[in-house]
Amino acid sequence: MSFSFFRFGVAAAFLLATLGAAHADNITVAYEDGGKYFTEDDIPTFQIDEDGTVDWPTYSGFRRYHSECHVCHGPEGEGSSYAPALKKSAIEMDYYAFVDVVVNGRKKVDASHNSVMPAFGDNPNVMCYLNDIYVYLKARGMDAVARGRPRKKEPKSDQIREEENACLGF
Amino acid sequence: MRKILLGAAAALLASTGMSMANDSVMSGTKNPNGWVIQTGDYANTRHSTLSQINRDNVGDLQVAWSFSTGVLRGHEGSPLVVGDTMYVHTPFPNIVYALDLNNYGAIKWKYEPKQDPDVIPVMCCDTVNRGLAFANGMVFLHQADTTVVALDAKSGQVRWSVVNGDPSKGETNTATVLPVKDKVIVGISGGEFGVQSHVTAYNIETGERVWRAYSMGPDDQILMDPKKTTHLGKPVGKDSGLNTWEGDQWKIGGGATWGWYSYDPDADLFYYGTGNPSTWNPAQRPGDNRWSMTIMARDPDDGMAKWVYQMTPHDEWDYDGINEMILTDQEIDGKMRKLLTHFDRNGFGYTLDRITGELLVAEKYDPAVNWATHVEMDKSSDQYGRPQVVSKYSTEQNGEDVNTTGVCPAALGTKDQQPAAYSPRTELFYVPTNHVCMDYEPFRVSYTAGQPYVGATLSMYPAPNSHGGMGNFIAWDGKKGEIVWSIPEQFSVWSGALSTDGDVVFYGTLEGFLKAVDAKTGEELYKFKTPSGIIGNVMTYAHDGKQYVAVLSGVGGWAGIGLAAGLTNPNDGLGAVGGYAALSNYTALGGQLTVFKLPD
């Protein structure tokens, strides 16, 4: 099983932290790379056309969210009686902090809390799609995509397909 | 109180190894003053012969006392009552309280296990627990982390404890246990984590493991005799739990056993259902995937299966078969029959002969059900007993990465675990149901031990072209397979029902109402808004000659997760999105017991 795509992400995080780079705008697309969109700070972000067509990672994030996250966090990042609304977390949290929680988990256990986010670091069904889930939730948090299944999407690029297969080890 | 003393004597006998069935449970369930196991009785009828509260006076019901459990998560199951003591359980961390009924529920003792909180996130869909069981002077708790504990009912001291599974592999527990004869029978959760699930019997006095029966695997693991164990009247044959799977998929095959258990002391068989095969992506597990989605009839002494019936071969929708098996004796075509009635997640209400496993009735108990046209009842057909799947709604036939739309019911089923009641006076079943449909898109997933193993995306919405609500509370004739009356509800009805000789039926709603309706007509007779949504089961007991009704509030579970934010129908126009009721506008977390009585 290869997590090469993810390792690249960690390396990038390290580099950024070292450089102390901080950019206020966490949303606006600065450039595209093989069907994926990034901010000026190389943070993954969503791209939605005027006719509602979403980028492939946002669509993929919709699917993966509703497979891996939905059973605790409720539909479409809205939160539940069990776990918080991730559409807010994706906006409020720094990308690297968000990734850290997904990879390593988080515990809030005391007299009034019994919240435990598991560590998904060795789960390829999550890790190979982490950026997809992140951009989908960010799009939800900004109300850039409505609840429900995105109706129109960009095709899956060859680059995304290759990276996915490499990550899953197929 | 005399009956209770007799019960205690029987318990004493049982502990000396003289018991048949479990005398303590048998006498306890015959005494209407108490409520000794979650299902009310071995037959899982959830019917009480108490009649002080009846159709004519239930409208006067008032709150007698209440009790906060101190825990916020979803509260399923119900309290028990044995003599002067009420036993109340909570979701994780699975606290047990013994409350004094002579003193407004003052706490006699409290037991709080130490559990690793890492078990919380491997419990799919909330940290619920469906309650305690009482037998032989002990209260049995099956914790989230799969530790089974026998507590001394008087002191709360641990008599024995045993670990049934490994949460680091996704093995957890939400279910109650079945005390039967000299054993405690327990199930396991983990269908969404690729657990090869099982049912296990422990010695009731020592906690020593006696046998374990897996849902799939070789014959010596599934405890089936290829010649003697039957499926729809025919021997199951050799390796039925292997040759209906491709490769080693059965080793991560699911078939969790997290539902309810019933027992027929005359036939000496216990009954339960198995859950979905893993993963939710049917393309990854060709074959019938036996014995997931199956009604099992087993011998409690050695675990051997007498008969089985697989309701949903090769599941494509997550229609777990774990719902309760209600045992009744009713007349069909002039003959008394020993029946088993089961309201499956797949939307069919099944009636079988519980001795032979013969299929008698299989009809839809929600008209919205559309994934299959019918269950084939022609014994000469090679399709006998199989649901006739509609291609359009087959997530297998539509394939991976294709979104199959408009499937009814949704994955949470026409009914989930919330148990129905049966009144022998009306011969009707009272069934809490969901009225929700879904889109389902399966895709390929990898298995990692202890990680979710799902492989499908789904979105759920209220059944289209209906009353717009997400639930119904229905009365069902199990002999004919017909709905007699149906009460529309805004949300899924996620509370277990109770019927009584007062010809009243009780249930709770997700907004938090306890409701009482007329057993014959369904007419609403009483409602009271408790502090939080009800996913617990209504129970009744009598103390000092007065009847009480009690229910746990505390929203959560799958209902709290799925419905908190409201549902949207992706197939509706954009204007309708968000147009359905959000449960979070009606209720918030908080565990509380509310006890009702008639005015003094």
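Give me the dipole magnitude in Debye, nearest 20, for chain B about the Cα centre, with unit charges on the beta carbon: positive for Lys and Arg, negative for Asp and Glu. Intermediate results must be reported in sequence, preceding the final value.
On the way: 46 positive and 67 negative charges, 197 e Å.
Dipole of chain B, to the nearest 20 debye: 940 debye.
Across all Cα atoms of the range B:212-297, the radius of gyration (one decimal) and Dmax (whole number) stand at 13.0, 43 Å.
Extents of the range A:77-170, largest first, come to 50, 32, 21 Å (Cα atoms, principal axes, whole angstrom).
In nm, what is the difference between 0.36 nm times the number of residues separating B:Thr426 and B:Met336 and their Cα-Cα distance?
On the way: separation 90, 0.36 × 90 = 32.40 nm, distance 1.63 nm.
My answer for the length gained is 30.8 nm.
As a ratio to 2.2 N^0.38 Å, the alpha-carbon radius of gyration for the range B:144-282 is 1.11. Maximal additional length on extending the B:Gln383-B:Met304 stretch stands at 25.8 nm, based on 0.36 nm per residue less the C-alpha distance.
Count charges around A:Asp51 for me, please; just the other residues with Cβ under 12 Å from its Cβ, Lys/Arg as +1, Asp/Glu as -1. Counting the neighbours of A:Asp51, the net charge comes to 0. According to the calculation over all Cα-Cα pairs in the range B:163-221, the P(r) per 5 Å bin from zero is 4, 19, 27, 24, 18, 7, 1 %. Shape analysis of the range B:2-597 based on the Cα gyration tensor places the equivalent ellipsoid semi-axes at 33, 28, 24 Å, largest first. Between B:Tyr309, B:Met123, B:Leu598, the Cα set farthest toward the positive side of the dipole of chain B (charges on each charged residue's Cβ, about the Cα centre) is that of B:Leu598. Extension gain, A:Ile27 to A:Asp143, is 40.6 nm, computed as 0.36 nm per intervening residue step minus the present C-alpha separation.
Pairs from the list B:Lys338/B:Lys392; B:Lys110/B:Lys597; A:Lys156/B:Lys392; A:Lys108/A:Lys152 with a Cα-Cα gap above 32 Å: B:Lys338/B:Lys392; A:Lys108/A:Lys152. Find the Rg to Rh ratio for chain A, where Rh is the Kirkwood radius over alpha-carbon pairs and Rg uses the same atoms. Across chain A, the Cα-based Rg/Rh ratio is 0.95. Find out how many positive minus negative residues lie around B:Gly562, taking Lys and Arg as positive, Asp and Glu as negative, among other residues whose Cβ is under 12 Å from that of B:Gly562. Net local charge, B:Gly562 excluded: -4. On a per residue basis, the convex hull of the C-alpha atoms belonging to the range B:443-544 measures out at 221 Å³. Computed per residue of chain B from DSSP H runs no shorter than four, each worth -39500 (n - 2.57), the mean residue ellipticity at 222 nm is -1500 deg cm²/dmol.
Share of Cα-Cα pairs in the range B:380-536 beyond 23 Å, in percent?
On the way: 6072 of 12246 pairs.
The share of Cα pairs beyond 23 Å in the range B:380-536 comes to 50 percent.
In the P(r) worked out for the protein assembly as shown, what percent of Cα pairs fall beyond 38 Å? Walk me through the numbers on the way to the answer.
Working: 104820 of 296065 pairs.
Here the tail beyond 38 Å accounts for 35 percent of pairs.
Any read-out appearing in this document is the output of simple, stated calculations on the displayed coordinates, not a laboratory observation. Computed from a prediction, not measured in an experiment: that's the story for all the values here. Please note: Cβ atoms are built from the backbone with ideal geometry, for glycine as well, and neighbour counts cover all protein chains shown.
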